[in-house]
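The next block holds one structure in the form of structure tokens; read it before the comments.
The values are calculated or read from the model by the stated rules, or taken from the named source; none is laboratory data. All values reported here derive from a predicted model rather than from experimental measurement. Counting neighbours? That spans all protein chains shown, and the Cβs are built from the backbone with ideal geometry, glycine included. SASA here: full protein model, heavy atoms, side chains in, ligands and nucleic acids out. Shrake-Rupley method; radii C 1.70, N 1.55, O 1.52, S 1.80 Å.
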Amino acid sequence: MTVLAPLLKDPGKALVALDFDGTLAPIVPDPAQARALPEVAPVLARLAPVLRSIVIITGRPAALAVEYGGLAGVRNLTVLGQYGLERWSEGGLVSPPEHPGVTEARRKLPLLLERAPEGVHLEDKGHALAVHTRRAAEPEVALERLRSIVAALAERTGLVVEPGRLVLELRPPGMDKGRALTAFAAEVGAGSVLVAGDDLGDLAAFDAADALGVPAVKVCSGSDEVTALAERADIVVDGPRGVVALLGELADAVT
């Protein structure tokens with residue numbers, strides 16, 4: 001496929017950077033039930049030996065992404081969890097101390113959500129806290145009602161708000177998917193990059209890919225919920241299955 005040409009010129013210097021939820025795993029009402037498509041681990045295992053590296057950059061804890069993706073056996077794979085705060089590789093998991101603002105928000109947020117619409121639920125990610133409205137009767141309305149409340153708490157606790165697909169996430173400042181991608185690409189000496197995502201948080205990774213100074217392919221895992229990535233992408237595919245199919249084409253071409 002023509003869009004993959006920048007990676008095919010020298011696969012040994014190519015970096016593939018992937019989001020998890022909505023890109024490798026379908027979006028589901030309960031984040032704890034999310035699992036990568038069963039084809040993900042096999043296609044990454046095919047690609048890993050012939051590329052410079054594969055990295056998954058996700059808001060999830062790194063260890064959970066590995067577990068939910070069935071990725072523990074994939075070599076030459078790095079998972080940067082919590083937007084880059086955590087790092088999992090074959091050498092194990094490296095995770096920083098908890099930000100004090102997260103500790104404080106963990107105490108206060110449940111009280112603030114007591115009057116939230118039914119179906120709103122809190123996900124504790126360890127280094128971040130996510131308020132989901134997908135299971136509410138009117139998810140978009142619930143999200144807008146909570147936006148200012150969550151923003152005010154973030155300001156008081158020194159955190160930032162990361163908006164997503166029917167979710168507001170409170171997390172420490174200073175790291176995002178763009179910074180994580182920039183640092184990792186420099187670390188591995190990437191000569192080209194493919195970056196795939198589905199949500200607003202992936203825009204920073206798209207920006208970083210454009211600024212790396214190497215050939216870049218931006219892939220949007222398409223959905224009706226978020227269109228901003230599609231406007232920036234070199235190719236839009238049909239959700240996680242489309243991402244897996246594209247990775248399969250790349251694997252066929254380089255192996």
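Can you show me the helix-derived [θ] at 222 nm for the chain, built from DSSP H runs with n ≥ 4 at -39,500 (n - 2.57) apiece and divided by the number of residues, rounded to the nearest 500.
-11000 deg cm²/dmol
Could you name the lysines in cross-link range of Lys9, using Cα to Cα under 21 Å and dropping any fewer than eight places away on the same chain?
List returned: Lys218.
Keeping all protein chains in place, calculate the accessible area per residue for the chain (probe 1.4 angstrom), answer in Å².
I get 43 Å² per residue for this part.
Output the direction-averaged projected area (hull surface divided by four) of the convex hull of the alpha-carbon atoms of segment 141-255, in nm².
Value for segment 141-255: 8.4 nm².
Expected output is a single nm value to one decimal: the length gained when fully extending between Lys9 and Val236, i.e. 0.36 nm times separation in residues minus the C-alpha distance. What is it?
In short, 79.5 nm is gained.
Using the 2.2 N^0.38 Å rule of thumb for compact globular proteins, work out how segment 29-129 stacks up: its C-alpha Rg over that value, please.
1.27
Please report, in cubic angstrom per residue, the volume enclosed by the convex hull of the alpha-carbon atoms of segment 19-81.
In segment 19-81, the Cα hull volume divided by residue count equals 70 Å³.
Highest GNM mean-square fluctuation, the chain, Cα pairs closer than 10 Å: which of Ala136, Ala180, Ala209?
With Cα springs under 10 Å in the chain, the top fluctuation among Ala136, Ala180, Ala209 is at Ala136.
Report, as a whole number in µm² per second, the diffusion coefficient that Stokes-Einstein gives for segment 72-201 at 37 °C and 0.692 mPa s using the Kirkwood radius over alpha carbon pairs.
Estimated via Stokes-Einstein, D reaches 203 µm²/s.
For Ala186 and Val28 in the same chain, what is the full-extension length gain: residue separation times 0.36 nm, less their Cα-Cα distance, in nm?
Between Ala186 and Val28, full extension yields an extra 53.5 nm.
How large is Rg/Rh for the chain, to two decimals, with Cα atoms and a Kirkwood Rh?
0.97
As I understand it, the dipole of segment 126-255 uses +1 on the Cβ of Lys and Arg and -1 on the Cβ of Asp and Glu, about the Cα centre. Which of Ala205, Leu146, Gly178 lies farthest toward its positive end?
Leu146
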